[in-house]
Structure formats: structure tokens, C-alpha cells
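One structure below.
The values are calculated or read from the model by the stated rules, or taken from the named source; none is laboratory data. Just so we're clear, the structure is a prediction, and the values are computed from it rather than from any experiment. Neighbour counts run over all protein chains shown; Cβ positions are idealised from the backbone, glycine included. Note: areas computed on protein heavy atoms with side chains; ligands, DNA, RNA excluded. Shrake-Rupley method; radii C 1.70, N 1.55, O 1.52, S 1.80 Å.
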Amino acid sequence: MADTTLMDKLVSLCKRRGFVFQSSEIYGGLGSVWDYGPLGVELKRNVKDRWWRAMVQARDDIEGLDAAILMHPKVWEASGHVAGFTDPLVDCRHCKNRFRADDPRIKGTPGQPDAQCPVCGTRGSLTEPRMFNLMFKTFMGPVEDSAAVVYLRPETAQGIYVNYLNVLQSSRQRIPFGIAQIGKAFRNEITPGNFIFRTREFEQMEMQFFVQPGTDAEWFERWREWRMEWHRSLGLSPAKLQWHQHSGSELAHYAKAAFDIQYEFPFGWQEIEGIHNRGDFDLGRHQEYSGKKLEYFDQAQNQRYLPCIVETSAGADRVALTLLVDGYREEVVEGETRVVLGLSPSVAPIKAGVFPLVKKDGMPELATTLYNELRQQFSCFYDDSGAIGRRYRRMDEAGTPFGLTVDGDTLANRTVTVRHRDSMQQERVGLDRVAGYIKERL
Ligand code: GAP
């Protein structure tokens, strides 16, 4: 049974502490679209930075790219999205709501008199299923009627395929090599939900690795291993991560083999990243639809071929949600409930809170100097309001791993109290050592 209370608590914490807000809230909100507040934007940025560091900066066989969201409409014909990126939908003629035909809340067979609308309960009001394309359409050019129809990209991958030769030639890479990009994607999801898990606007972190045909299965296995390792390195509980292999009927039209990395959310095991062996489907289709040769000439082997692609595709929002869910816990401390976000220091939005114990005796001045020095190096938060215990609790909820308190002893011996979020233990560290102490632990 889904632990909905945990999700409700998390949504409320995210709003209270400034992680995530509903989009356009003052107008009643926009369905399944969310805005990231001051802490959320830092969390998501840290996720993306970790990914970029691991995939692009730490390797010499992957190049970065930032392709535009709008692309030539033919791209989506070649990719198969115009014809196949669809869900079967049914409408209720009575209450005008729309559902996926396989919505488990529907009783009976849509289109038949026995079928019952899950919202208004009317029998026989559901239409036969119709195919509905999930891509958002818009118009390019000043006059709507004659302007070209363009789509908001439903995945970032296609921007990589159409630029593969540009990147290959300009970077002087050789196969095997990869192209990575982080960017927004849009899907008019019919059953979005579970907070930022499935939304209509989201960010993907995708990497396409171009390999010689025949070596794709081997690269696929390597990438599976590396990607699981990356999720573990974020501090996620290993027991809550698992593989899910796509069976024949689940495989997307482009995939020869596919595995999802799943996390055990309160609403069940769900995909956070997909690793796909796409064969030569993508470059083959773009070659066919554009009429441009996309083959690679392998000088060493004096051979020409169309590369195969191994794709790793993760959602930045989904990984951020996974970290929030995995980190959330409640503990009773001295008769009071303490809410903690046990985020790994490397992804925590704020690394250290700086507090003067009281607003007198030179403590605010010393704490301000410390704060100004530390925030040049990592994100910090200065807080001088309320009891020190309350200030610690606020930082616990924000996931801040270290609290630094300037007190009477600081003035006497130039040390501060370092308070650890998870153990709540305290130790004294010299003012001149505190920056290094924290950096070592990030
Ligand atoms: N290029 C392949 C591709 O897009 P996908 O399985 O459809 O594959 C990859 O999406 C990842 O993108 C998913 O694992 C998920 O993390 C993220 N994602 C997909 N749809 C999403 C949505 N509606 N909201 C949030 N994240 C989404």
C-alpha cells in the first residue's frame, strides 16, 4: 500500500522550506508543472553538476552539447514521435474528463454501456479509446495559419543525433565516443502526478554513446554498471535501487535492449533512469529522412559504418525527488519530533549554517565575518533569529549537514562549535580550519 502520508509531508516541507512550489499558484496552479524555489534550485543544480562532472568533465571520450528546444519538424517524423509517441485516451461525455484507456480506476470496457467514469460515476459515458500524441505543438512564424508547426521537444536525445557529425568533426573525437546534454523536455502526460515524479515540463540528463556495430552489447553492459554506481554515489540507499529489464512488449520502437534503474518510492518501484541499446535505428532514420550521409569512416580499419548508440537517460527532477524521499526522516528527540533531510553533503543546497549564539558580545560581528568568508567557497546561510535549537531544526529540514555556532568560547580561543546534522554531535574546530574542515567533507 502506498505511503501517501510521506509524500504529503514531503510536498508540504518542500513548500515550507522553499524547495518546490506549484506553478502559477496564485491563479489556482497549472496541472503537473512545478517551480523550484531557492533551496530546490540549488539541489537540482547540484544533481546536474554531479552528472556533468561524471559524464563530461571527468572523461575524455564524451563531449557536451546544448541544442535548442525547437527543432525542424521532420526530426520528429524521423524519430518516430509523430507516428508513435501516443497514448490511447477516453473521454467522459458527461463530466468532460479525459483518462488513459488503461486507467485502473475505470470499471468496464470504455466505449461499452457498462463502463463507468471514475470521476462522475456515470455509466456508458466513456468514449472508445482514441490515440493522443503527447508532444506539445506550437507555431513558428508570425501568422498562425501559415506558420510551420513545431514541437516542444519530448526528449533531448534528438538534438544530439542531428549534431553528431558536427560534434565529431569539431572535437576530433573518434568512435567510441559520446555526447551529453542537459535540458528541458515537454510531454503532455495524461496521468502525471506524484509531485515532481511525472510532470509536463521536466529536465533530462541524456548521453548518447556512439560505438562500432558489434561492440554495442559490451558498451551497454559497461554503461549499466557506471550509471548504477553514479546513483549510489549520491548517497541513495542501495537496497532501494534495482534493475528492471524491459521485456519484448515493453521495449520502445528504437530499442534492442533496455534496462531501467528503479527506486522504491512510497508509491512503488519506479524508473529514475533508462539505459537503452538503440542499435543504429536513430542515425539510420535521420540519414533516410534528411538525405545526408551520417556514416563514420574508421581510418584504422579502413571501414565505413553507421554507428550504434547506447543511451543513458535520466530525469534531473526525478533524481532530485529520489534524494528528497530517500533523505526524509522523522525522529523523536527529547520528546519533540525532529524532521531531517539526510542529503549527502555534496548535493545539499546549503552546506553550512552560521549562527551567533546571541546577538551581543561581538558574536554577530565574528559570525558575519566567518559567513562572508565561507560563502565565497560554498553555499552558506546566516541565521541569528530565535533559540539556537530552533535554528538547528530549520537547517535539519533544509538538509544542511553542518551548523557553525559562534559563542563565548569563540571570542576566547577562536574556535567554533561544529554541529553535525545526522548525529547532532558537536565538536570544536579552529576558526582558521573550519573552511577546510567542511570542504573535506563535501
Ligand atoms: N531518450 C529516451 C527517453 O526519453 P524515457 O524513458 O522516456 O526515455 C528518460 O525518459 C527519463 O526521463 C526517465 O527515466 C525519467 O527520469 C525522465 N522522465 C521521462 N518522462 C518524465 C516526466 N513526465 N516527468 C519527469 N521526468 C520524466
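Among the candidates Gly31, Gly40, the residue that is within 16 Å of the ligand (Cβ to nearest atom) and either touching a Pro at 6+ places or on another chain (Cβ under 7 Å) or at pLDDT below 95 (or both) is uniquely Gly31. Evaluate the range 348-356: report whether one residue or more is surrounded by fewer than 19 Cβ atoms within 10 Å (Cβ to Cβ) and in a strand (DSSP E or B). No, the conditions are met nowhere in the range 348-356.
Out of Phe136, Phe202, one residue alone is surrounded by fewer than 19 Cβ atoms within 10 Å (Cβ to Cβ), of a type outside the set (Gly, Ala, Ser) and within 16 Å of the ligand (Cβ to nearest atom). It is Phe136. The criterion of being in contact with a His (Cβ under 7 Å, 6 or more places away or on another chain) and either in contact (Cβ under 8 Å) with a residue 40 or more places away in the chain or within 16 Å of the ligand (Cβ to nearest atom) (or both) holds for Leu241. The condition of being modelled with pLDDT of 95 or more and under 30 Å from Leu89 (Cα atoms) holds for Glu203. Candidates in the range 27-58 are the residues that are β-branched (Val, Ile, Thr) and within 15 Å of Val319 (Cα to Cα); of these, the one that is nearest to the chain's Cα centre (by Cα) is Val47. Scan the range 205-237 for residues that are farther than 22 Å from Tyr328 by Cβ and touching a helix residue (DSSP H, G or I) at 6+ places or on another chain (Cβ under 7 Å) and jot them down. Passing the criteria: Met205, Glu206, Met207, Gln208, Phe209, Phe210, Val211.
Considering only the range 274-287, I want to know if a residue exists there that is within 14 Å of the ligand (Cβ to nearest atom) and farther than 18 Å from Ala157 by Cα. No - not one qualifying residue is present in the range 274-287. Asp282 falls short on exactly one of the conditions (1) over 23 Å from the mean Cα position of the chain (by Cα); (2) charged (D, E, K, R); (3) within 23 Å of Phe186 (Cα to Cα); (4) open to solvent by 10 Å² or more (accessible area, probe 1.4 Å), and that condition is (4).
Of all residues in the range 63-95, exactly one satisfies the criterion of being modelled with pLDDT of 95 or more and of a type in the set (Ser, Thr, Tyr), namely Ser79.
Candidates are the residues of the range 152-199 that are away from the ligand (no atom under 13 Å from the Cβ), at pLDDT 95 or above and assigned to a loop (DSSP other than H, G, I, E, B); the one that is nearest to the chain's Cα centre (by Cα) is Asn163. Scanning the range 117-131 for residues that are assigned to a strand (DSSP E or B) and open to solvent by 50 Å² or more (accessible area, probe 1.4 Å) turns up Arg123, Arg130, Met131. Pairing each residue of the range 195-207 that is within 20 Å of Thr5 (Cα to Cα) with any residue that is in a strand (DSSP E or B) and near the ligand (Cβ under 7 Å from one of its atoms), provided the two are 6+ apart or on different chains, yields C-beta distances under 8 Å for Ile196/Phe202. Of all residues in the range 297-323, which are surrounded by 21 or more Cβ atoms within 10 Å (Cβ to Cβ) and either more than 24 Å from Phe195 (Cα to Cα) or more than 14 Å from the ligand (Cβ to nearest atom) (or both)? Within the range 297-323, Pro307, Cys308, Ile309, Val310, Glu311 qualify. Inspection of the range 107-116 identifies no residue that is open to solvent by 50 Å² or more (accessible area, probe 1.4 Å), without any contact (Cβ under 8 Å) to a residue 24 or more places away in the chain and on the phi > 0 side of the Ramachandran plot.
Yes or no: the range 225-241 includes at least one residue that is on the phi < 0 side of the Ramachandran plot, outside any helix (DSSP H, G or I) and open to solvent by less than 10 Å² (accessible area, probe 1.4 Å). Yes, there is a match, as at least one residue in the range 225-241 is on the phi < 0 side of the Ramachandran plot, outside any helix (DSSP H, G or I) and open to solvent by less than 10 Å² (accessible area, probe 1.4 Å). Of the helices (runs of 4 or more DSSP H) lying entirely inside the range 1-106, the ones with 3 or more residues being not small (Gly, Ala, Ser) are found at 4-17, 38-52, 73-78.
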